Every structure is written in C-alpha cells, then in structure tokens.
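Asker: Take this structure first; my questions come after.
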Amino acid sequence: SSQASSKKTGTVERFTSTGFILAAIGSSVGLGNMWKFPYITGKHGGAAFFLLFIVCLIIVGLPILLAEMTIGRGGRGNASVSFFNLTGKKYWGAFGLLSILTAFLIMSYYSVVAGWTLHYTVESFTGLLFQEGSDYKTKFLSFASGYWPIFWQAVVMLVTGGIIAKGVSGGIEKFNKILIPGFLIILLVLMVRSLTLPGAAEGVSFFLKPDFSKLDAESALVALGHAFFSLSLGMGCMLTYGSYVDKRQSLGAATLAIGFGDLVYAFIAGLVIFPTVFSYGLQPSEGVGLAFMALPAAFSQMPFGFFFGGLFFLLLAIAALTSAISILEVPVAYAMHKWQWSRKKSAVILSVLCFLVGVPSGLSVGGVLGDFHPGGKNIFDWMDFVTSYVLMPFGGLVVTLFTAYAWKKAGEEAGLKGFWYKAWMFLLRIVAPVLIVFVFLYSVGLIKF
Ligand code: PFF
C-alpha cells in the first residue's frame with residue numbers, strides 16, 4: 001500500500017538547523033501573540049492570567065511541543081502517517097487525520113484576521129486610516145462588517161499558497177529567515193513608544209501586577225487553550241515541521257528556543273498594547289478588535305505615526321503569514337502523500353478550499369452574517385472556540401498518550417536521558433493528560449465548577 005511504501009521513503013525535503021528554529025518560531029509567533037493574547041488577557045484576568053498562561057506553557061505546552069517534533073522526525077511523514085509509521089497501527093493514523101482537519105479549520109479563520117492586518121497596513125501607510133476623526137473602534141467595525149475583509153483574505157491565501165508551493169527550503173525557510181529577526185526590532189521600538197505614553201503605568205500594572213481574585217475556571221480553560229494555540233500544538237503543525245528536521249538537530253534545545261521565543265513575543269506584545277489601551281481610554285476587554293482599535297489611536301498621535309503604524313501592521317501581517325504557512329503546510333503535506341499530488345497542485349487546491357470555508361467567518365464579524373449568533377457566538381467565534389478549546393486540546397491529548405504510552409522509543413528520538421527523560425515522561429503520562437481532560441470536559445460542558 002502507499003502507506004507501507006511511505007515508511008521506507010518518508011519525507012525528503014529538509015530544513016537547515018537555523019532555518020528550522022526560525023520557521024518553528026515563525027509558526028508559534030503570530031496573531032496569537034500580537035492579537036489574541038492581549039485581548040484574552042484583557043478579558044480573563046490580566047496579570048494573573050498571564051502567569052497562568054506561563055505555567056500552562058511550561059508544564060503542558062513544552063512537553064507536547066517536544067513530543068510533536070519527535071513524532072514527526074521519527075515517523076518522517078505527515079501528521080497522520082507518522083503515527084502509523086512508528087507503530088504500524090491504523091487507528092493512530094486516524095487520530096492524526098483529525099488534527100489535519102483542525103489545521104484546515106484554523107486556517108480558514110486565521111486568514112480572515114491576517115487579511116485585516118493587510119488592510120490596516122495599506123490604510124496606515126497611505127494615511128487614510130488617520131483621516132476623518134479618531135474613533136478607531138467605529139472604523140474597525142465598519143471595515144469588518146463590509147466585504148473588503150473577503151478580498152484581503154483571498155490575498156492571504158494567495159500569498160500563503162504561493163510560498164508553500166516553493167517548498168520547504170526555497171519557500172518556508174527562506175521567508176522566515178528574513179522576517180523573524182526584523183519583526184523583533186520593530187516591536188522593541190514600539191514598546192519604547194507605548195511605555196512612554198501618558199498613563200502607560202496603568203496598562204503595565206494591569207498586565208504585570210497579578211490580582212488572583214480575577215481568575216475563574218474559565219481563565220484556566222482559556223490559558224491552556226492558548227498555550228496550545230500559541231505554540232502551534234495539537235494540529236500536526238510542529239509534527240509536520242519535525243518531519244523535515246535533520247537527525248543531528250537537538251530537539252530539546254529547539255523546544256526551549258521556541259518556547260522562550262514565543263513567550264518573549266507575547267510579553268513584548270503585552271507591553272505594546274496595554275499601555276496604549278489604557279492611555280487612550282479603551283477597555284482591555286474589547287475583544288477581537290482590540291489591537292485594531294487601540295494601536296491606530298496611538299499612531300495617530302506620534303510624529304510619523306502613519307509610517308510606524310504601517311510598519312507595525314506590516315510586521316503583524318508578516319507574523320501572521322509565517323504562522324499561516326505552517327498551518328496550511330499540514331493539509332498540503334497530507335494531500336501530497338495521500339493522493340500523490342505535486343506540491344504546487346496541493347497548495348493551490350487547499351488554498352482555494354480553505355478560502356471558501358473561511359468566507360462565512362469573514363462575514364460574521366459584523367458583516368452580513370453578523371446577526372447570526374447560534375448559542376451566543378458568531379461563526380468566527382465558534383470556529384475559534386471549537387478549534388482552540390476542543391479540537392486542539394484533543395489533538396494534544398493524542399500526541400501525549402501516543403508518546404507516553406504507545407511509542408516506546410520516543411526518548412531515543414528526542415535525545416533525552418536520565419532526569420530530563422523522567423521529567424518529560426512524568427509530564428506526558430500524568431500532568432498533561434489530566435489537565436487536558438479537565439479542560440476538555442469543562443469546555444464541552446460536561447463538568448462545571
Ligand atoms: N501559533 C500561531 C499564533 O500564535 O498565532 C497560530 C498557529 C499556528 C496555530 C500554527 C496553530 C498552528 F498550527
């Protein structure tokens with residue numbers, strides 16, 4: 001069968017060592033850090049939530065990140081076939097297939113937000129954003145409720161598909177190597193700017209001075225879900241990237257670099273956004289539009305604000321694209337293997353499909369589908385909820401159980417021995433599954449606190 005033959009050949013494309021680390025950081029650092037993290041932190045407990053997120057990142061995120069990359073490199077296949085290659089058991093491959101579907105669904109709405117960032121880049125550089133009043137909340141809502149988001153979403157799919165079509169080293173790696181370091185520099189500039197705004201201190205203390213009475217059971221659910229989202233886990237992404245990694249690469253070191261990188265970007269993003277939000281009298285719990293409402297207000301008051309603003313949104317768009325690439329690569333790698341399509345053909349077909357599936361999300365943030373709220377959430381929020389809090393944790397659980405109980409040689413492939421191996425296994429065997437199951441049951445409504 002084709003699966004048996006894949007076991008012998010496996011993936012052939014490879015990253016270089018730095019290319020891999022940068023691509024993986026590019027995957028983890030994205031809209032999650034810059035757009036989602038600030039608004040969920042605003043909604044679910046501020047500084048106390050941030051601490052909870054860090055704990056989830058360390059005790060659940062990092063062990064699973066290492067497990068995913070290890071499975072990918074050991075199995076040398078896509079997010080379904082790798083499980084099969086390592087055990088010869090079909091049902092593991094079926095679980096993997098679910099994570100590929102998750103990736104596809106995430107991409108469908110992630111591309112909507114990525115599109116918003118492109119629109120804001122253009123509007124900022126041209127100065128259009130700063131004309132006619134300074135009510136950036138209304139401006140965002142009127143943009144999001146029209147049809148332009150669909151146009152920009154199509155542009156995102158086109159660019160993402162185009163880069164993926166160029167391959168692992170010629171497309172994915174090249175793109176990340178140029179953009180990830182540049183992004184950090186601009187962020188630091190913006191951090192200095194926002195920390196020196198009048199009233200910035202209030203934002204800093206909201207973000208960094210914990211008040212644990214603000215936490216509730218839902219905060220824990222969201223923090224764990226976001227640890228998955230932020231590290232790109234539970235949907236075969238790090239697994240697929242892992243399948244392109246050289247055997248000499250230390251996966252333990254890569255895990256620390258990626259985890260640290262992700263946290264640093266989230267931290268700086270918080271220091272850019274919260275001082276700005278408070279300084280301009282906005283609410284940190286504003287929801288999905290937070291970054292798009294708060295930052296233009298700040299840029300409009302700075303000398304050369306249109307330029308800094310344009311740069312900021314451009315870099316946000318780039319962060320989004322380096323993540324989008326990693327998400328779309330999951331189903332593309334699957335299609336190439338499963339149906340023996342060329343990389344180009346897979347990239348084109350999946351981009352188009354993903355665009356079509358994403359259109360309802362794009363029209364639901366105030367647009368023609370904006371009044372459709374089954375169960376209190378619009379389509380966009382449902383896609384996010386189902387993927388981040390149900391499907392990704394489930395995918396993470398599969399990876400955890402597979403590595404801890406089914407595949408006996410994970411330690412060898414991961415290069416862990418002694419204390420670190422024991423610690424990894426303890427987290428994978430007990431801590432991670434217990435926490436994930438709790439969160440999962442809570443989010444599907446089977447337990448209440
Ligand atoms: N980690 C990305 C972010 O924080 O924006 C989003 C993401 C990328 C989620 C890749 C899932 C994924 F597989």
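Every read-out reported here was derived from the displayed coordinates using simple, explicitly stated rules and does not represent laboratory data. If you're wondering where the values come from, they're calculated on a predicted model, not measured in any experiment. With ideal geometry, Cβ positions are generated from the backbone for all residues, glycine too; neighbour counts draw on all protein chains shown.
The rows are residues; the columns are (1) in a helix (DSSP H, G or I); (2) within 12 Å of the ligand (Cβ to nearest atom).
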{"residue": "Asp246", "(1), (2)": "no, no"}
{"residue": "Thr255", "(1), (2)": "yes, no"}
{"residue": "Phe307", "(1), (2)": "yes, no"}
{"residue": "Leu314", "(1), (2)": "yes, no"}
{"residue": "Ala320", "(1), (2)": "yes, yes"}
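Asker: Within the set of pairs 6+ apart or on separate chains, which have a first residue in region 362-381 that is touching a residue at least 12 places away in the same chain (Cβ under 8 Å), a second that is among the aromatic types (Phe, Trp, Tyr) and surrounded by fewer than 22 Cβ atoms within 10 Å (Cβ to Cβ), and C-beta atoms under 7 Å apart?
Answerer: As it stands, the answer is Ser364/Phe372; Asn378/Phe372; Ile379/Phe372, since those pairs meet every condition given.
Asker: Is it the case that some residue within region 71-92 is within 13 Å of the ligand (Cβ to nearest atom) and under 22 Å from the mean Cα position of the chain (by Cα)?
Answerer: Among the residues of region 71-92, at least one is within 13 Å of the ligand (Cβ to nearest atom) and under 22 Å from the mean Cα position of the chain (by Cα), which makes the answer yes.
Asker: Among the candidates Ser27, Ser99, which residue alone is within 16 Å of the ligand (Cβ to nearest atom), assigned to a helix (DSSP H, G or I) and over 30 Å from Ile186 (Cα atoms)?
Answerer: Ser99
Asker: Among the residues of region 47-93, which ones are farther than 20 Å from Leu256 by Cβ, of a type in the set (D, E, K, R) and part of a helix (DSSP H, G or I)?
Answerer: Lys90
Asker: Only residues in region 13-34 that are closer than 19 Å to Tyr109 by Cβ count as the first member; pair them with residues that are among the β-branched types (Val, Ile, Thr), Cβ under 7 angstrom, at least 6 apart or cross-chain, and list the lot.
Answerer: Ser27/Thr322; Ser28/Ile258; Gly30/Thr322; Leu31/Val113
Asker: Test of understanding: among Ile436, Ile430, which residue is assigned to a helix (DSSP H, G or I) and within 17 Å of Ser99 (Cβ to Cβ)?
Answerer: Result of the check over Ile436, Ile430: Ile436.
Asker: Pairs please, first residue from region 83-94 and over 16 Å from Leu397 (Cβ atoms), second anywhere and of a type in the set (Phe, Trp, Tyr) and outside any helix (DSSP H, G or I), Cβ atoms under 9 Å, 6+ apart in sequence or on different chains.
Answerer: Cβ pairs passing all conditions: Leu86/Trp407; Thr87/Trp407.
Asker: Also: Of the residues in region 323-342, how many are under 20 Å from Ser108 (Cα atoms) and either within 16 Å of the ligand (Cβ to nearest atom) or not hydrophobic (A, V, I, L, M, F, W, C) (or both)?
Answerer: Final tally of qualifying residues: 12.
Asker: With respect to Thr126, determine if the residue is of a type outside the set (D, E, K, R) and away from the ligand (no atom under 16 Å from the Cβ).
Answerer: yes
Asker: Of everything in region 260-283 that's over 21 Å from the mean Cα position of the chain (by Cα) and in contact (Cβ under 8 Å) with a residue 12 or more places away in the chain, which residue is surrounded by the most Cβ atoms within 10 Å (Cβ to Cβ)?
Answerer: The extreme case among them is Val277.
Asker: Identify, by number, the condition in (1) more than 30 Å from Thr16 (Cβ to Cβ); (2) within 15 Å of the ligand (Cβ to nearest atom); (3) surrounded by fewer than 24 Cβ atoms within 10 Å (Cβ to Cβ) that Leu57 doesn't meet.
Answerer: (1)
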